[in-house]
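The values are calculated or read from the model by the stated rules, or taken from the named source; none is laboratory data. Note that this is a predicted model, so its numbers are computed, not measured. Counting neighbours? That spans all protein chains shown, and the Cβs are built from the backbone with ideal geometry, glycine included. Heavy atoms of the whole protein, side chains included, go into the accessibility calculation; ligands, DNA and RNA do not. Shrake-Rupley method; radii C 1.70, N 1.55, O 1.52, S 1.80 Å.
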Amino acid sequence: MFARTYVPQGATILTEFPVIVVPRDIMIKEIVGSVAGLDEARSQGELIDALVSCLDSQLKKEMFTLKDCSGSPNATTLSGIFSTNALDIELKVNATLPKSAKHMYKALFLQTSRCNHSCGPNAVWKFDSSTFALTLVAVRAIRPGEEITISYINSFLPRHLRRAQLQSEWKFTCHCTHCDIPWSFPGAIAQSDRARHELSTFFKKLPDWEQWCFDEKNEMDLIGMHLRAMQLREEEGLEGFKDGGATGHWTDVAYMKHIDALVMCFGALADVQGFRKWVNKAREVKLAEGPNSVSHVKVLDSWLKEPKKFYVWGWKA
Ligand SMILES: C[S@@+](CC[C@H](N)C(=O)[O-])C[C@H]1O[C@@H](n2cnc3c(N)ncnc32)[C@H](O)[C@@H]1O
């Protein structure tokens, strides 16, 4: 999938509904079934066939144009298409399913299935079970003509483990810009692996904001820690992730948490210039998010106008 126009950071790229949703437990049974030669594999295939037969012919046609990496290229099957492209979603249902399987489903989305993987993706997806819709959001600005990518895996893993997982589950060798690091730069892979590990535990190791605020000896460089982590995130393309690899709603992801923390720090220091810089950054991203962020943007505007009204203004000045 490629961008036709400029997409600002934080903007919604698309919203779509799933065409097929299946309890994930059935997918697990398929794997067990095919190993043990049991009937589950067939029943999973039959279930997908039955569900697809309910789709209208246009949707069926579109589904058949999706990639199947499960077997040989000449043997595309509906269950192969499903397992290659379906995403894990969570639904809060009151079914009498085993506890482990209760909320987890596999869902097929026709447009998002077109996104290739990158270990530093420029988009993240989020499924909202209350609206039953997936939204794909740009985690950094995307230029016209640029490929729109998502991550299929935990991108905080070191390169060799990421590549092994992509090879085993999707049968491809990843050639994203973060994997194809030029060999002319010795140590580049180890450096990237270290950066990813550091980012995966950043918030767990971070001192409390209050601790920093009331640290009279000024020994903690909280601002420096956030700025360094932001830079590492940008270098590694990990703006769209929470700690530990999970993607989440764009407003929960670490990049936004860094911006919020910098607003808090510069506000507490009563540093008008730094405060305005980071409030403006937060405002830019919030504006790109669209109409749902109007009330948040209004709050940011009020702080820009009167920084002294910010709730922790000058606490560390
Ligand atoms: C969900 S599909 C993605 C869309 C697919 N490229 C298409 O044209 O419909 C997953 C498949 O795309 C290819 N693919 C995705 N990301 C890739 C990457 N980073 N490097 C190489 N191939 C990739 C692999 O063949 C993989 O099995």
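Quick notes on this structure:
- Per the listing 133, 123, the residue uniquely more than 16 Å from the ligand (Cβ to nearest atom) and aliphatic (A, V, I, L, M) is 133.
- Reported count of residues in segment 180-220, each being open to solvent by 100 Å² or more (accessible area, probe 1.4 Å) and under 22 Å from residue 238 (Cβ atoms), is 5.
- Scan of segment 1-22 for residues that are open to solvent by less than 40 Å² (accessible area, probe 1.4 Å), more than 16 Å from the ligand (Cβ to nearest atom) and not small (Gly, Ala, Ser), ordered by number: 7, 9, 22
- Test: residue in segment 264-271 that is open to solvent by 10 Å² or more (accessible area, probe 1.4 Å), assigned to a helix (DSSP H, G or I) and at pLDDT 90 or above: yes
- When the strands (runs of 3 or more DSSP E) confined to segment 51-149 are screened for residues that are at pLDDT below 95 and more than 24 Å from residue 255 (Cα to Cα), those reaching at least 2 such residues are found at 104-108.
- Any hit, segment 299-312, residues being small (Gly, Ala, Ser), surrounded by 18 or more Cβ atoms within 10 Å (Cβ to Cβ), modelled with pLDDT of 95 or more and over 25 Å from residue 136 (Cα atoms): no
- Residues that are within 15 Å of the ligand (Cβ to nearest atom) and touching a residue at least 60 places away in the same chain (Cβ under 8 Å) within segment 155-175 comprise 155, 157, 170, 171, 172, listed in sequence order.
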